[in-house]
Ligand SMILES: [Zn+2]
């Protein structure tokens, strides 16, 4: 299945050259980098004009994003950037903990010095983006770190799954105003790479679970209340 994750990033494989992928990729990037907010309407005709393609291609791209849960399609409103529910957010993080704890363990057991160097150079880019307060760049790099770990393990299926989960996580962080600072996440990535380099599987797993736990704990996972009394805390 073609996926918007085919866009060019530090962790991504070579691009697949199709207009649908290009549109889906550009929209995914805009969502992840917080340039498109949850609930934003994505008008087919407007997108067709902007990308200078047919509405059919735009519709295909939107369908693809809807399968990735980044876009919601409704007959009444058309396509909108998805607004993940609290329950969905919890489930996404639950799945990430399951997958990434094991990923950290396995990678610690078999990481090579060349792979450690690759991770170190990614961390350097993260640090630079955090330092210069490049919000788009740091958001993308902090997400790519997790996908890169899966790629280093040599498991493309896991990398694609994580790419999708990381895109959804970015949207969730945007929706529920993550208070976990980019600097904290970045520092946690550094500690994790130290554990991987030391080949310490138990520590790598513990640090990964701690990191994901912190990110989730800092989300304000409360569904806005439609009940006036509750909303006003009376
Ligand atoms: Zn992270």
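Considering the stretch 63-84, and only residues there that are in a helix (DSSP H, G or I) and in contact with a helix residue (DSSP H, G or I) (Cβ under 7 Å, 6 or more places away or on another chain), the residue that is nearest to residue 34 (Cα to Cα) turns out to be 65. Applying a threshold of 8 Å to beta carbon distances and a minimum spacing of six or more residues, or different chains, the list of pairs starting in the stretch 141-157 at a residue that is over 13 Å from residue 107 (Cα atoms) and ending at one that is outside any helix (DSSP H, G or I) and within 13 Å of the ligand (Cβ to nearest atom) reads 144/11; 145/11.
Residues of the stretch 103-124 that are within 16 Å of the ligand (Cβ to nearest atom) and within 24 Å of residue 168 (Cβ to Cβ): 103, 104, 107, 119, 122, 123. Here 76, 114, 109, 61 are screened, and the one residue that is surrounded by fewer than 16 Cβ atoms within 10 Å (Cβ to Cβ), out of contact with any strand residue (DSSP E or B) (no Cβ under 6 Å at 6 or more places or on another chain) and closer than 25 Å to residue 20 by Cβ is 76. As a summary of the residue check, residue 181 satisfies the conditions (1) closer than 21 Å to residue 29 by Cα; (2) within 14 Å of the ligand (Cβ to nearest atom); (3) touching a residue at least 60 places away in the same chain (Cβ under 8 Å) except for the one numbered (3). Just checking, how many residues over the stretch 125-164 are within 12 Å of the ligand (Cβ to nearest atom) and within 19 Å of residue 205 (Cβ to Cβ)? Here the count works out to 6. No other residue among 128, 143 is touching a helix residue (DSSP H, G or I) at 6+ places or on another chain (Cβ under 9 Å) and over 15 Å from residue 215 (Cβ atoms) apart from 128. Hand me the list of helices (runs of 4 or more DSSP H) wholly inside the stretch 169-234 holding 2 or more residues that are at pLDDT 95 or above and under 30 Å from residue 113 (Cα atoms). So the answer is 182-197, 201-217.
The values are calculated or read from the model by the stated rules, or taken from the named source; none is laboratory data. Values in this document were obtained by computation on a predicted structure and should not be read as measured data. Neighbour counts run over all protein chains shown; Cβ positions are idealised from the backbone, glycine included.
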